[in-house]
1. Once you average over the residues of A:80-86, how many Cβ atoms of partner chains fall within 10 Å of each Cβ?
2. Which of the peptides B:261-267, B:17-23 is most tightly packed, and how do the rest follow, judged by the mean count of other Cβ atoms within 10 Å per residue?
3. Tally Lys/Arg at +1 and Asp/Glu at -1 over every other residue whose Cβ is under 13 Å from the Cβ of A:ALA97; what's the total?
4. Ranked highest first by average number of other Cβ atoms within 10 Å, how do A:48-56, B:98-106 line up?
5. Report Rg(Cα)/(2.2 N^0.38 Å) for segment B:22-218, keeping two decimals.
6. Highest GNM mean-square fluctuation, chain B, Cα pairs closer than 10 Å: which of B:ILE90, B:ILE222, B:ILE231?
7. What is the spread of the Cα atoms of the protein assembly as shown along each of their three principal axes, largest first, in whole Å?
8. Report, in listed order, any pair from A:LYS51/A:LYS179; A:LYS51/A:LYS240; B:LYS58/B:LYS225; A:LYS133/A:LYS168 with a Cα-Cα distance greater than 21 Å.
Amino acid sequence: MDGARKAAEGEILAVEGVSLAFGGVRALSEVGFRVARGELFAIIGPNGAGKTSMLNCISGRYRPQSGTVRFKGDDVTHLSPNHRAAIGIGRTFQNLALFGHMTVLDNIMVGRHHLLRSNLLSGALYWLGGAQKEELAHRRDVEEIIDFLEIQHVRKATAGTLSYGLRKRVELARAVALKPDLILLDEPMAGMNLEEKEDMARYIVDLNEEWGMTVVMIEHDMGVVMDISHRVMVLDFGRKIAEGLPAEVMAHPQVRSAYLGVTDDAEAAPEPAPGVT
Amino acid sequence: MDWALLLQLVVNGLIVGALYGVVAMCFVLIYKASQVVNFAQGEFVLIGAWVCWFFLTKYQIPFVWGFLLTLAFMVAFGVLVQIVVLRPMIGEPVISVIMVTIGLSIVFQATMKWAFGVFAQPFPPIFAQESVTVLGLEVRTVYLVSLFVSLGIMGGFAYFFKATRMGLAMRATAFDQQVAQSLGISIRTVFAMAWAISAAVSAVAGVVVGVVNGVSSALSFIGIKVFPAVILGGLDSIVGGVLGGVIIGLLENLAHFVDSQWLHWGNMIEIAPFWVLIVILMIKPYGLFGTRDIERV
């Protein structure tokens, strides 16, 4: 706990007491955690544990019934999703959500939306209004992202025609195009083969280390989570049951029983520990 | 065979068809962006024509200014309708939204009749020359201008969707609203803009037809003719709307020709488009360019 407090200054995301219910179903109960700037933070938990709901509360798709979400110190709990994207929260989706009929390039350009200044009028006065110059600058940034994610060869292709792994990469590229400070990844490696997973893990680490983006990701592949994440939070039935370094978390008895299905002999200490760090 | 009449009707068909195409585009724009089937599209055409007529005859201002004022008015009007009437309907069943737009169309019709009367009013003369000669054919200036205006609008639409920030945002929103929002696109702005553009561009069509035929409630017939056009072209395809419009325009004039030469059934020009509507719905419900809904089970 004190570790998180100490980092209050370099803290980019602070979630406090977030509860979310759909009718009688409690998706999240009093979940709180903090993510420091530059961290690679993973959320794990069994299916239906509320991981995606948590991500949706951060990105603004859901509004929690109680609790607050602070981003860079500001309360963003009541901001619309597009507003949050504009201030630097990018995300990808669990089920591929590319614009299937558009080209890869157009998909990524949509991610630049809030960075493009020109409005309808200057767009109409294309050459006079500087819109062209602006677009060229953006195209350079976009090319850099395309290079980084190694999707040069498909940039003109229609997004819907690509293979699954490539589409996942294009979706990541689109989220990166926002130039977010915080990027939320919902199962970036689901359904990938080993090689694709390794590539994706490398991209995520590079995004974090070289591009300086804070990453919050949901991932089921424990090997990857243990390898690349700095800290891990475990959710189960909408409650936080553990948070800490990957190794610490995995050693936690409640996590072992809830998540890995291992009924340890050491279950002699089943006290609920919402604040375990 | 009356070749002169045939030629005349083909030219008519192309010009009227281009106008249908323009209004069909406006209809598709709203449908694509906000998933609203707008039964009041024809009334946008009508209101645009009346407002322009009002500026020109009441205040005697030059046509260009009157026209620009009309566009400005229609932009504001489109945004207003979206915000006041349709925004609260977000999330309501499709049928309710359709009923609301039908209601709007009736209210607008009645309001226009109340404000401007039921008789057709001619526009003041706009062009110094009534007609020009093109390739030996005598063509009315208005028709020629209207054709160019239509083509200009279509080019503008194509450019807007391909190359501008808002155009891209609109395509993204049409595809998936939630994803668009996660990328920083304001859905409200996109919806308002779609309605604004749709209303203003429809008004252009209204002014053109008004200049040719005079302004009266009959103008909103374009809103009805738009349905065969968009069904033929595909409800969610801008290109389809344009093409559907031109085809319907040509078709109704050719039907008129066949009827006047041989069949003598009468009124084919009114009815033929709706035969097309029915046939298309039976054999190719997604139209020429529409996207099929893919259902994943």
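Quick note: the coordinates plus some simple rules give every number you see, no bench work behind them. Predicted model only: the values in this text are computed from it and were never measured. Glycine also receives a Cβ, built like all others from the backbone with ideal geometry; neighbour counts cover every protein chain displayed.
1. Mean partner-chain Cβ count within 10 Å for A:80-86: 6.
2. B:17-23, B:261-267
3. +1
4. Going by the mean number of other Cβ atoms within 10 Å, highest first, we get A:48-56, B:98-106.
5. Output field value: 1.10.
6. Answer for the Gaussian network model of chain B: B:ILE90.
7. Sorted largest first, the three principal extents are 97, 49, 47 Å.
8. Distance filter (> 21 Å) returns A:LYS51/A:LYS179; B:LYS58/B:LYS225; A:LYS133/A:LYS168.
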